[in-house]
Amino acid sequence: MLNLIKSDLYRITRVRGLRGSFWQYGLSLLVVYAMTVAMTIFVRSSLFESLAPGTANPVNSDFPSYTAYLASMGGGIVPLCVCFMVVEHALQELKNNYARSVLSARGGRLSYFGGKVVFAGVLSAIMVLLEIVLVTAVAWIGGYAFATFDSPVELLGWFVGFWINIWALAVISLVVAYATRVSPMSYICSFCFSLGVVASLVSGLAYSTGGILRVLQPIRPALETLVAWMPSTSLGNLAAGGQMFGMRAADIWGPSSLAFTIDDPGIQALLTGVIWIAIASAAVLAIARKRDI
């Protein structure tokens, strides 16, 4: 398994011709963040003031904390990039018969697919670290300010929570890719999972039980609980930064929520990632046992 993971990492980091997906998606992130800092510098310049005299600076340069800033800058685009990279890598290996060749040369398809789950976790960590480096540079160049600084525990807790929930979304995307082997469907589902579209739909369904879907009122707590324990929801909550680990459940979910939650939203975010990684990994391995390569 370790050798397969090393092979995966080598192929996504090939520099020649920028054929490695890491460089392609990494450059995309660089362009996005470069545009962000360029816009920030422009709206603070005398040129902008001369073009629009008296106009207030439309860019908010103050954030509650450093981790809240990291979440604001990478909470949407980084999970999407990771999910797309994982789907692209998995489907490519199936289409060019790389998976068939590897499994014919060495036994243990569970080891192969289990390696893909671990690879998704390693890739998630790499992309989160890349995001941290890039947006920290953006903060320095753009002159962003933070109201408070995170403690080491808050910083570590936020990083782990952010990482494992992105890992969970990546493995969920693997489930769809291996189950369907259809590129458009795999990418669309990855988009919906990573950007919280599915969570929003379920949340809307739960809200509608008080109106046009009153017949579903008895299962409203179950629907709200499902939303509260989704990785995309946890990533959204982590937008509060490391301070989330000192909040109460009511501060996150509100007094009217019927969802089953735990008292510490930060710990719940960590548990959510672990639970979904386990569920999605089991699904990947189940598909691997039954489907022909």
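Throughout, read-outs are computed from the coordinates displayed, never taken from laboratory work. Remember, predicted model here, so these are calculated numbers, not experimental data. Methodologically, a virtual Cβ is constructed for each residue, glycine included, from the backbone with ideal geometry; neighbour enumeration extends over all protein chains shown.
Considering W167, W163, W158, the condition of being of a type in the set (F, W, Y), under 13 Å from V78 (Cα atoms) and either touching a strand residue (DSSP E or B) at 6+ places or on another chain (Cβ under 9 Å) or buried (at least 23 other Cβ atoms within 10 Å of the Cβ) (or both) is satisfied by W167 alone.
Is it the case, given these coordinates, that S200 is touching a residue at least 40 places away in the same chain (Cβ under 8 Å) and not basic (K, R)? Here the answer is no, as S200 does not meet what is asked.
Residues are listed down the side, and each one gets a yes or a no for (1) touching a residue at least 60 places away in the same chain (Cβ under 8 Å); (2) of a type in the set (A, V, I, L, M):
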site	(1), (2)
V86	yes, yes
N97	no, no
Y112	yes, no
G115	yes, no
M127	yes, yes
G142	yes, no
F149	yes, no
L155	yes, yes
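Restricting attention to the range 248-279, the residues being among the hydroxyl-bearing types (S, T, Y) and over 22 Å from L169 (Cα atoms) number 2.
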